[in-house]
Amino acid sequence: MRPTFRRSIAVLMVVAAVAACSAAQTLREEADRREVLVGTAARAYLLTEGRYVTTLARDYNLLEPENELKWEAIHPAPQVFDFLPGDQLVEFGRLHRMKVRGHCLVWGRYVPRWLSDGHYSADQLRQLLHEHISQVVSHYKGKLFAWDVINEAMDENGRLRSSLWYDQPGIGEAGRGTAYIEQAFRWAHEADPEALLFYNEAEGEALNVKSDALYAMVRDFKRRGVPIHGVGLQMHILDLKPDIAGITANIRRLTGLGLQVHITELDVALPVDGEGRPRNAADWQRQAEIYRSVALACFSQPGCTAIQTWGFTDKYSWIRNWTKGNKGSPLLFDREYVPKPAYFAFRDALRSLPLRMRAPLQ
Ligand code: XIL
């Protein structure tokens with residue numbers, strides 16, 4: 001062999017070795033190696049779309065039905081439970097060795113008309129809620145590892161919201177503080193003692209009057225033995241200006257109570273034009289940096305064990321509807337399922353964490 005030829009083979013081998021070492025790992029591979037959960041909300045009716053399912057299974061080790069387990073969907077008439085779409089997502093998760101989170105058992109919104117307009121007495125409502133929680137949690141026993149038991153019970157000032165369950169006369173707990181919330185946790189725990197039970201909330205991510213109230217409530221629950229295991233921080237970021245230091249401190253104080261924190265509904269909305277395209281090209285990078293910072297704020301603390309985004313492709317994000325067309329493009333993949341700068345920044349944040357940084361998740 002001529003020396004120059006031998007040299008070029010050697011060079012090629014080095015190049016190949018370097019390429020193999022830095023071979024692109026998926027988000028999921030990076031998460032698995034560090035025993036953290038990286039998940040997304042998913043919709044059962046999209047499981048027929050090829051790129052949707054390949055992306056979901058390739059990049060995530062956790063999924064959560066986006067709407068399928070809400071009262072309106074799963075309990076559409078008094079004696080009728082429709083488990084099918086939820087079951088399809090759970091089965092998808094099983095086939096692809098993903099964990100599945102349940103969302104949600106009690107919420108003042110997305111309740112069916114038969115319930116909200118039913119003029120039920122407090123006792124009847126109590127029975128209906130007990131029955132609902134028992135049926136739904138038992139159906140998914142052993143299949144869902146965690147549940148958002150209560151969703152968004154507080155208003156922006158941290159006071160308990162007026163809702164079917166709180167006050168009209170509802171479950172009959174008005175004026176009795178958090179009684180209906182505690183009761184829901186106890187019923188869920190009875191139905192599946194293994195499931196991790198979460199209180200899930202919006203706008204309480206950083207340090208503010210709402211997160212103070214949330215902290216006080218869950219600290220009280222822990223002290224009095226209410227079966228709560230974690231807090232879900234939704235984290236819909238609508239203004240490109242999250243207070244990362246505040247978020248980090250809030251996660252620290254919550255995990256300091258011995259609770260897990262899951263970031264449950266992360267998305268980072270950008271101002272968009274009528275076509276849904278970002279108005280400002282520099283926003284891609286700002287969005288990426290926010291995803292990176294949130295990933296680090298959570299995963300650098302051992303009690304923060306999961307980050308879920310609220311969908312993964314911009315094609316199906318809820319944000320444009322919610323913001324009446326003003327904001328959009330909030331997720332890790334664009335409408336063609338191409339990973340965005342946010343994807344790479346999020347993955348880089350995972351890569352920067354030490355391997356085997358925490359005890360295996362249950
Ligand atoms: C949203 C879904 O994304 C939409 O598809 C649906 O039309 C309305 O609900 N907080 C929550 C989620 O806890 O359940 C909401 O999901 C978004 C806000």
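Here, each number is a calculation from the coordinates, and none is a lab measurement. Values in this document were obtained by computation on a predicted structure and should not be read as measured data. Cβ coordinates were reconstructed from backbone atoms using ideal geometry, including for glycine residues, and neighbour counts include every protein chain displayed.
Near G325, within a Cβ-to-Cβ distance under 13 Å, what is the net charge of the other residues, with Lys and Arg +1 and Asp and Glu -1?
On the way: positive: R277, R279, R320, K324, K327; negative: D273, E275.
Combined, the nearby Lys, Arg, Asp and Glu give +3.
Give, as a single signed number, the net charge of other residues whose beta carbon lies under 12 Å from the beta carbon of E72, with Lys and Arg counted +1 and Asp and Glu -1. Each step should come with its number before you reach the end.
Numbers: positive: K70, R109, R113; negative: E68, D82.
Residues near E72 contribute +1 overall.
Based on alpha-carbon positions alone, could you give the equivalent ellipsoid semi-axes of region 227-292 from the gyration tensor, as √(5λ), descending, whole Å? Working shown, then result.
Values: eigenvalues 180, 31, 11 Å².
Ellipsoid half-lengths, sorted descending, are 30, 12, 7 Å.
Just to confirm a number: summing +1 for Lys and Arg and -1 for Asp and Glu over residues other than S352 whose beta-carbon lies under 13 angstrom from that of S352, what do you get? Working shown, then result.
Numbers: positive: R33, R34, R292, R347, R351; negative: E30, D348.
So the environment of S352 carries a net charge of +3.
Just subtract the alpha-carbon distance of E336 and D273 from 0.36 nm times their residue separation and send over the number in nm, one decimal.
Working: separation 63, 0.36 × 63 = 22.68 nm, distance 1.79 nm.
My answer for the length gained is 20.9 nm.
List every residue whose amide H lies under 5 Å from the amide H of G276, counting only residues 5 or more places away in sequence or on a different chain, with H placed 1.01 Å from N in the peptide plane.
none
Enter the angle in degrees (range 0 to 90, nearest 10) between the Cα long axis of helix 341-351 and the first principal axis of the Cα atoms of the chain, meaning the one along which they spread out most.
For 341-351 against the chain, the angle is about 90 degrees.
Taking θ = phi - 60°, what integer Hz values does the Karplus form 6.51 cos²θ - 1.76 cosθ + 1.60 yield along region 295-310, in sequence order, with x for Gly and Pro?
Calculated HN-Hα couplings, in order: 4, 6, 4, 7, 6, 7, 10, x, x, 9, 9, 8, 10, 10, 9, 8 Hz.
DSSP loop trypsin sites (Lys or Arg not before Pro) in region 54-107 with at most 15 other Cβ atoms within 10 Å of their Cβ, which ones?
Working: sites: R58, K70, R94, R97, K99, R101; in loops: K70, R97.
Here the sparse-neighbourhood loop sites are R97.
How about K143: which aspartates and glutamates have a C-alpha closer than 13 Å to its C-alpha, ignoring those fewer than 8 places off in the same chain?
In chain and number order, the partners are E64, D87, E91, D192, E194.
In whole Hz, with x marking every Gly and Pro, tabulate ³J(HN,Hα) for region 191-196 from phi via Karplus 6.51 cos²θ - 1.76 cosθ + 1.60, θ = phi - 60°.
Listing the rounded values in order: 6, 8, x, 8, 6, 7 Hz.
Roughly how tilted is helix 209-224, in degrees to the nearest 10 and between 0 and 90, from the longest Cα axis of the chain?
In the chain, helix 209-224 runs at an angle near 70 degrees to the longest axis.
Can you give the translational diffusion coefficient of the chain in µm²/s, computed by Stokes-Einstein from the Kirkwood radius over Cα pairs at 10 °C and 1.306 mPa s? Provide the component values of the computation, followed by the final result.
Working: Rh = 21.5 Å.
My calculation gives 74 µm²/s for D.
Below 20 Å, Cα to Cα, which lysines can K327 reach? Residues fewer than 8 away in the same chain don't count.
Straight-line reach from K327, under 20 Å: K241, K315, K340.
For region 104-112, what does the Karplus curve 6.51 cos²θ - 1.76 cosθ + 1.60, with θ = phi - 60°, yield as ³J(HN,Hα) per residue in whole Hz, taken in order and with x for Gly and Pro?
So the Karplus estimates, Gly and Pro as x, are 9, 8, 9, 8, x, 10, 6, 9, x Hz.
Charges at C-beta only: +1 for Lys and Arg, -1 for Asp and Glu. How large is the resulting dipole of region 138-233 about its Cα centre, in Debye rounded to 20?
Rounded to the nearest 20 debye, it is 340 debye.
Ordered by packing density, taken as the mean number of other Cβ atoms within 10 Å over each peptide's residues, highest first, how do 327-340, 259-272 rank?
On the way: 327-340: 19.9, 259-272: 23.7.
Put in order of decreasing packing, that is 259-272, 327-340.
Nearest 5 percent is fine: what portion of the DSSP beta bridges confined to the chain is antiparallel? Please report the intermediate quantities before stating the final value.
Numbers: 6 of 40 bridges.
Rounded to the nearest five, the antiparallel share is 15 percent.
Quick one: dipole size for the chain, taken about the Cα centre, charges +1 on Lys/Arg Cβ and -1 on Asp/Glu Cβ, in debye to the nearest 20.
Details: 45 positive and 43 negative charges, 317 e Å.
Computed charge dipole of the chain: roughly 1520 debye.
Pull up all non-local amide H partners of M154: gap of 5 or more, or a different chain, and H-to-H distance under 5 Å with H placed in the peptide plane.
R161
Rounded to the nearest 500, what is the 222 nm mean residue ellipticity of the chain from helices alone, with -39500 (n - 2.57) per DSSP H run of 4+ residues and division by all residues?
Numbers: 14 runs with 151 residues, N = 362.
Dividing the helical sum by the residues of the chain leaves -12500 deg cm²/dmol.
With no solvent and one equal point scatterer per Cα, compute the Debye intensity ratio I(q)/I(0) for region 28-69 at 0.14, 0.26, 0.33, 0.35 Å⁻¹ and report its log10, rounded to two decimals.
Each listed q maps to, in turn, -0.33, -0.88, -1.10, -1.16.
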